[in-house]
Ligand code: SAM
């Protein structure tokens, strides 16, 4: 048995497929006397299926301070607590971070369990080869603020990972296309569920692709954008591109010629040429 006393366990739960609960998570949930859960109606079926009889402490977005105080009290009494969110890893675009901060500040032990997280699950199958990624989570829901947030990310030379709700996916993808020009977009939908789909396509055609079929707009989304081509990567290519575009060549032809001249990848040069043009 791996359970210790007076420990806060941070326990990721499945994104949709209950079989994704890890063996260790299952053991901890069965062993702890207390479970701090975002919504007991949501976690209830999972806990019931496991035969978990722990008492629960509500720990949602609007009571994290109070929840943390109750959790610290239990830990100081020598009892273990497992922290859960509705799905995936607590604290990742979910409540939990403030509870963990308070427990840490109180000097109590925290043990994180690895497990499901939509961002990492989507990235692992994205096919993007960016060396680095930036996890952004949810963009602002208001158009102006969203575009501003996207503008601030435009020059990041790493893959950008977003969470999005189905009722905002079209406007978000439209804003991405207007801010970033050409990139690769990976639309990862309903991960680990019956209608899971992971589709990579040029950002410029993504809105039309989503609109083609209403089903493509349903469910839960992770959107991943390939990063801006790095300056170093584009050094020579960028100089040649600027010359060719300056001579009035169309983007496609400029990218093709720049690729022949510098030996650099045509796709990367095409994306850079679009960015320079806009
Ligand atoms: N804590 C979670 C995690 O570790 O991924 C994220 C919780 S956040 C409140 C919910 C968002 O995560 C959804 O709106 C969606 O963007 C993403 N998400 C969660 N489950 C997903 C799934 N099965 N497929 C695709 N995206 C998912």
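Descriptive notes on the structure:
- Reported count of residues in region 155-176, each being surrounded by fewer than 15 Cβ atoms within 10 Å (Cβ to Cβ) and assigned to a loop (DSSP other than H, G, I, E, B), is 2.
- Test: residue 191 is assigned to a strand (DSSP E or B) and either in contact with a helix residue (DSSP H, G or I) (Cβ under 9 Å, 6 or more places away or on another chain) or surrounded by fewer than 19 Cβ atoms within 10 Å (Cβ to Cβ) (or both): no
- Each residue in region 57-84 was checked for being at negative phi and either surrounded by fewer than 16 Cβ atoms within 10 Å (Cβ to Cβ) or out of contact with any strand residue (DSSP E or B) (no Cβ under 7 Å at 6 or more places or on another chain) (or both), and 14 of them qualify.
- Among the residues listed as 134, 123, the single one being within 16 Å of the ligand (Cβ to nearest atom), surrounded by 15 or more Cβ atoms within 10 Å (Cβ to Cβ) and in a helix (DSSP H, G or I): 123
- Condition met for residue 99 (within 14 Å of the ligand (Cβ to nearest atom) and outside the structural domain of residue 70 (by TED's automatic domain parsing)): no
- Pair list, Cβ under 9 Å, 6 or more apart: region 88-99 residue free of Cβ contacts under 8 Å to residues at least 40 places away in the same chain, other residue in a loop (DSSP other than H, G, I, E, B) and near the ligand (Cβ under 8 Å from one of its atoms): 97/90; 97/91; 98/91
- Residue within region 208-222 that is in a strand (DSSP E or B) and either touching a residue at least 24 places away in the same chain (Cβ under 8 Å) or not assigned by TED's automatic domain parsing to the domain that holds residue 16 (or both) present: yes
- Look at (1) over 22 Å from residue 138 (Cβ atoms); (2) in contact (Cβ under 8 Å) with a residue 12 or more places away in the chain; (3) part of a helix (DSSP H, G or I) and you find that residue 78 fails only one, number (3).
- For region 3-21, the tally of residues that are under 21 Å from the mean Cα position of the chain (by Cα) and closer than 15 Å to residue 83 by Cα stands at 6.
- Residue count, region 137-159 (criterion: within 14 Å of the ligand (Cβ to nearest atom) and in contact with a helix residue (DSSP H, G or I) (Cβ under 6 Å, 6 or more places away or on another chain)): 1
- Among the residues of region 28-41, those identified as within 13 Å of residue 53 (Cα to Cα) and assigned to a helix (DSSP H, G or I) are 28, 29, 30, 31, 40.
The values are calculated or read from the model by the stated rules, or taken from the named source; none is laboratory data. What you are looking at is a predicted structure, and each value in this text was computed from that prediction instead of being measured. Cβ: placed from backbone, ideal geometry, glycine included. Neighbour counts: every protein chain shown.
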